[in-house]
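Comments concern the structure below.
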Amino acid sequence: MSGVTFTKPLEGMLVLDFSQFLSGPSAALRLADLGARVIKIERPVVGDICRTLYISNLELDGDSTLFHSINRNKESIAADLKDSEDVRLVKRLIEQADVLIQNFRPGVMQKLGLDYEAVKAIHPKLIYGEITGYSNEGPWVGKPGQDLLVQSLSGMTWLNGDQGQPPTPFGLALADMSAGAHLVQGILAGLLRRGITGEGCHVQVSLFESILDFQFMELTTFLNNGCHLPVRSEIHNANPYMGAPYGIYRTKDGFLALAQGSVTELGKLLQCEGLLGYADPHSWLTERDEIKRIVSDHLLRKSTREWLDCLEPAGFPCAEVLNWNQLMQQEAFQTLNMMQEVRRSNGSAMITTRCPVRIDGQLLPSAKGSPRIGEDTLKVRNEYQL
């Protein structure tokens, strides 16, 4: 409504982000987008290791674009957590915070005197968020909590690619991002409970548990099907538990995605006689690869647009397969205003995505870029009388 000031739901909340790399900072980023004030606690000079973690050799203003994208909308103070005076100042800041996030290896925060029990003693109402690789117990505690390794150990990589191909990881930091999202859920639940009871809590998430939860539908099928491993399609595999025609197919000029639907109906719409004999829905799984080969050969005859014109009016679930350049030309994408420009205090700017959440129809953009190491140290010390 015109003239009405929109207040983000977490405005007034103070979040201290001790985390590095992707999982913890992604959680802190989402809280910042929802209105919280997020202050990164970084090592002097070096800062968050993610500042030098490059995924494309692309750098902006001395830091990787990966760091910029996941640490926008935050402030930064420099503190040496091995220095007793800096730790004393940090503890005074913690006493005034609502949320603390850390993703150090198990035992590190305890050595620093900043583990949950130690912090709870000085601030029992604090919501303490922690992300580990494999939790704080069991024989894998000491394993590196790295996304590719977690994906590999979780069984997930055997869901991707065709049957004859090696296990294939997702091309995204899926374990990190899902763990960050789960931590946000736990933190928001903790804040809600604190509003009712006045008590803080310790929210714990691990990359491994998050990636297992991400597979909950497939794992449930596996566990209740005699623990028989899923069998990937020989061609066009998209989900090993889905029957034909589920997958992505090449057309005369591009690619077409087909979701789950009637094989015989698909045959009629495509005028593909070879599909009409598969009237039994059970055959869509038991004879999945044979059906997919028929579909694959038939779709090469026409363009993607021609096939969409056959399928979309009939309501058959399908879509063109777009790359990012093609995506950004689409009116549907442009309507969303998913991109925003963010700027550092020195004017360095970059384009990145906005928060995907809407509150009362309002978008939650923020033009504030990522901080330079310790650029807010003096301001924060003065403001919080540290």
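Bear in mind these aren't lab numbers, they're just calculated from the coordinates by the rules spelled out. As the structure is a prediction and not an experimental result, all values here were calculated from the model. Ideal geometry is used to build each Cβ from the backbone, glycine not excepted, and the neighbour counts take in all protein chains shown.
For region 255-320, give the magnitude of the charge dipole about the Cα centre (Cβ charges: +1 Lys/Arg, -1 Asp/Glu; no others), in debye to the nearest 20.
In total the dipole reaches around 120 debye.
If the only charges are +1 at each Lys and Arg Cβ and -1 at each Asp and Glu Cβ, what is the size of the charge dipole of region 228-367 around the Cα centre, to the nearest 20 debye?
560 debye
Give me PHE316, PHE333 ranked fewest to most by other Cβ atoms within 10 Å of their Cβ, as a rough exposure proxy.
PHE333, PHE316
Out of GLY315, LEU269, SER303, whose Cα points farthest toward the positive end of the dipole of region 255-320 (charges: +1 Lys, Arg; -1 Asp, Glu; placed on Cβ)?
So the residue we want is SER303.
Stretch GLU59-ILE351 to full length: gain in nm at 0.36 nm per residue minus the Cα-Cα span?
Length difference between fully extended and current span is 103.8 nm.
If amide hydrogens are placed 1.01 Å from N in the peptide plane, which non-local residues have theirs closer than 5 Å to the one on PHE255?
Excluding prolines and chain starts, which carry no amide H, the hits are VAL321.
Project the alpha carbons of region 255-320 onto their principal axes and report the range along each, largest first, in whole Å.
30, 22, 18
Calculate, in nm to one decimal, what GLU306 and ARG358 gain on full extension: separation in residues at 0.36 nm each, minus their alpha carbon distance.
15.1 nm
For the chain, restrict the atom set to alpha-carbon positions and state the Rg and Dmax in Å.
Computed over the Cα atoms of the chain, radius of gyration and Dmax are 24.9, 78 Å.
Nothing charged except the Cβ atoms of Lys and Arg (+1) and of Asp and Glu (-1): what's the magnitude of the dipole of region 1-151 about its Cα centre? Round to the nearest 20 debye.
Dipole size: approximately 220 debye.
With r as the distance between the Cβ atoms of LYS379 and ASN136 and R0 = 35 Å, compute the FRET efficiency 1/(1 + (r/R0)^6) and round to 0.05.
My answer for the efficiency is 0.50.
Rank SER64, SER345, SER26 by mean-square fluctuation in a GNM of the chain with C-alpha springs under 10 angstrom and give only the top-ranked residue.
In the Gaussian network model the winner is SER345.
Express as a percent, rounded to the nearest 5, the fraction of DSSP beta bridges in the chain (both residues included) that run antiparallel.
About 40 percent, rounded to the nearest 5.
Could you tell me which of ILE101, SER345, LEU327 has its Cα farthest along the dipole of the chain towards the positive end, charges placed at Cβ (Lys, Arg +1; Asp, Glu -1), taken about the Cα centre?
SER345
Per DSSP H run of at least 4 residues, take -39500 (n - 2.57); add these up for the chain, divide by its residues and hand me the 222 nm value, nearest 500 deg cm²/dmol.
So the helix-based figure for the chain works out to -9500 deg cm²/dmol.
Using Cα-Cα distances under 8 Å and only pairs 6 or more residues apart, what relative contact order does region 5-74 have, in percent?
Dividing the mean separation by the residue count of region 5-74 yields 33 percent.
Measure off 7 Å from each Cα along the Cα-to-Cβ vector at GLN215 and LYS252, then give the distance between these two points in nanometres to one decimal.
Taking the two extended label points, one gets 4.2 nm.
Pull out the extension gain between ARG88 and ALA121, defined as 0.36 nm times the separation in residues minus the alpha carbon to alpha carbon distance; nm, one decimal.
Using 0.36 nm per residue and subtracting the Cα-Cα distance, I get 10.4 nm.
With each label point set 7 Å from Cα along the Cα-Cβ vector, what nm distance links GLN165 and GLU341?
Reported label-point gap for GLN165 and GLU341 is 3.9 nm.
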